[in-house]
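One structure is given here, and the rest of the page talks about it.
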Ligand SMILES: O=C(O)CCC(=O)C(=O)O
């Protein structure tokens, strides 16, 4: 279908998208329906979104218990929390953002070496979510690559900018160690013990790095960087250079919910609970629905590190969490099952992987 500017949605294929070309207007195929509009967010401050001092997990048993209690409440209310004092040098975070920015500033021909619409590819450059397939397009450019075990994947990553592999590799390794520590606290909070998943995740777990760039958008209120969605992962650890992430607080307004803008505070990382921890907790913890809003004048960068079990390993509800009052509420699934879902469904239309896992009463 042609719009008034004589362009149709197929004009905006990956490599030639509106956001890559810095179009001075937002084409029709990017205009989001009122249900996902970005205007209604509460301007949040750090007190609304819980912030957890992770170093306290390494204190004595009483202190660890208190932190785990805070973490459990955050997982139940928001499916989301911020972390400080997690033990990664600020320089490693800054360097990862610098090489990301440098990658997206490369000439198109360099980035297109990685261009792919194959969601199963271990390294791929693309735009929107599934450019050219989904009904609505999103003002995002991204590089996704597997990151664990690092030696298996790093040779497939960009060699340009020259420091990309080294700096992103260091960031990936540090964030992965942190993810294991947080997963230990999550399984402990569910009464499953600290080591319930950590060995499995350490040995065979997947780490997918979503390296996102959201260029300035001429009409930021009409489009989105990403639509409301939750991550398939157990947890996602996110680093950003600017605000733009909004999370849905489903408990607000008597259960009708509200969007909350997550503030950017340097040195604070964000942790999303994903679908696989919702399954692990048999529904006690909620995978957080989140979306990305845009800026008129500035480029936002985010690094989302998604951590899950191995590609074909199924996450299921543990027997310890099931009894007569609490029957199994979710079907088991793997990361590969999520990829199959992604091929067949349109996230821009509100399709959610977790909905396919719920067992109806
Ligand atoms: O950019 C963000 O803040 C969120 C990124 C995200 O949700 C994703 O990569 O799936």
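Readers should treat all values here as calculations from the given coordinates under stated rules, not as data from a laboratory. None of the values given here were measured: they were computed from a predicted structure. Note that each Cβ is placed from the backbone with ideal geometry, even for glycine, and that neighbours are counted across all protein chains shown.
Brief remarks follow.
- DSSP beta bridge pairing in the chain, given as percent antiparallel to the nearest 5: 90 percent
- In plain terms, the residue of 294, 245, 97 with the fewest other Cβ atoms within 10 Å comes first and the most crowded comes last, giving 97, 245, 294.
- For segment 175-211 and segment 256-273, distance of Cα centres in Å: 21 Å
- Just checking the listed ones, 117, 326, 85: in the Gaussian network model of the chain with Cα springs under 10 Å, the one fluctuating most is 326.
- Gyration tensor verdict on the chain (Cα atoms; rounded if a/c is under 1.5, prolate if a/b is larger than b/c, oblate otherwise): prolate
- Angle between the chain longest axis and helix 335-344 axis [Cα atoms, degrees, rounded to 10]: 40 degrees
- Highest-MSF residue in the chain out of 256, 55, 333 [GNM, Cα springs under 10 Å]: 256
- Highest mobility in the GNM of the chain, judged by mean-square fluctuation with C-alpha springs under 10 Å and restricted to 297, 337, 195, is found for 297.
- Relative contact order (percent, whole number), segment 28-357, Cα cutoff 8 Å, 6+ residue spacing: 23 percent
- Peptides 196-207, 170-181, 221-232 ranked from most to least packed, by the mean per-residue count of other Cβ atoms within 10 Å: 221-232, 170-181, 196-207.
- Structure-based [θ]222 nm, the chain - -39500 (n - 2.57) summed over DSSP H runs of at least 4, per residue, nearest 500: -8000 deg cm²/dmol
- The shape of segment 126-227 comes out oblate: with a ≥ b ≥ c from the C-alpha gyration tensor, a/c is at least 1.5 while a/b does not beat b/c.
- Based on C-alpha pairs under 8 angstrom that are at least 6 apart in sequence, segment 266-344 has a relative contact order of 29 percent.
- As a proxy for reagent exposure, ranking 139, 153 by other Cβ atoms within 10 Å from fewest up yields 153, 139.
- In terms of other Cβ atoms within 10 Å, 312, 134 run from fewest to most in the order 312, 134.
- Percent RCO, i.e. relative contact order, over segment 96-154, from Cα pairs under 8 Å lying at least 6 residues apart: 23 percent
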